[in-house]
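The values are calculated or read from the model by the stated rules, or taken from the named source; none is laboratory data. Not measured: the values here are computed from a predicted model. Cβ placement follows ideal geometry from the backbone for every residue including glycine, while neighbour counts extend to all protein chains displayed.
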C-alpha cells in the first residue's frame, strides 16, 4: 500500500511501526492484514490518545528468535503489542475497555498489552 493511501486509511500510524524488525533475506517485512489495521485505527480513534506499537508483524524466523509461540497471530499479521509505559491507569483502563469490544485476543503484561483478532470461537484473555 502506498504511503498516501496508508496515511489516509490509518492516519495515526506509520507503516514502519508494523514491519518485522529482522533483516533476514527471506523476510517479507510487512504482512499486516488491512482489516486488522482498520480495527486498530478504530480503537485509536475511540480512546483519543496515541498508541505506540512495540511489535506488529513478525516473520516466522524472527518470531522464533524472540520466543513467540509457533502459531503466533503476529506471524499471521493480525496482532500487535502496545507499549503501556506512558499510560496513566485511567488511559490503560479506557484502552482495555474499548479493546474488549473489538479484539478477540487480549493479553495484559507489565509493560505492554497484546491485541489480536483470532477466530471468535478461540476468544482469549490472559494476564501475565
Return yes or no: is residue 3 within 24 Å of residue 97 (Cα to Cα) and either touching a residue at least 12 places away in the same chain (Cβ under 8 Å) or crowded, with 19+ Cβ neighbours inside 10 Å (or both)?
no
Would you point out the residue of the range 6-33, among those that are free of Cβ contacts under 8 Å to residues at least 24 places away in the same chain and not in a loop (DSSP other than H, G, I, E, B), that is surrounded by the fewest Cβ atoms within 10 Å (Cβ to Cβ)?
8
Subset of the range 36-71, residues in a loop (DSSP other than H, G, I, E, B), crowded, with 19+ Cβ neighbours inside 10 Å and touching a strand residue (DSSP E or B) at 6+ places or on another chain (Cβ under 8 Å), comes to 51, 56
Sort through 120, 96 and tell me the only one that's without any contact (Cβ under 8 Å) to a residue 40 or more places away in the chain and either over 16 Å from residue 53 (Cα atoms) or in contact with a helix residue (DSSP H, G or I) (Cβ under 7 Å, 6 or more places away or on another chain) (or both).
120
Can you find even one residue in the range 92-106 that is part of a strand (DSSP E or B), at pLDDT 95 or above and surrounded by 15 or more Cβ atoms within 10 Å (Cβ to Cβ)?
yes
Contact list please: Cβ distance under 7 Å, first residue in the range 52-72 and modelled with pLDDT of 95 or more, second residue part of a helix (DSSP H, G or I) and crowded, with 16+ Cβ neighbours inside 10 Å, pairs at least six apart or on different chains.
53/17; 56/17; 72/63
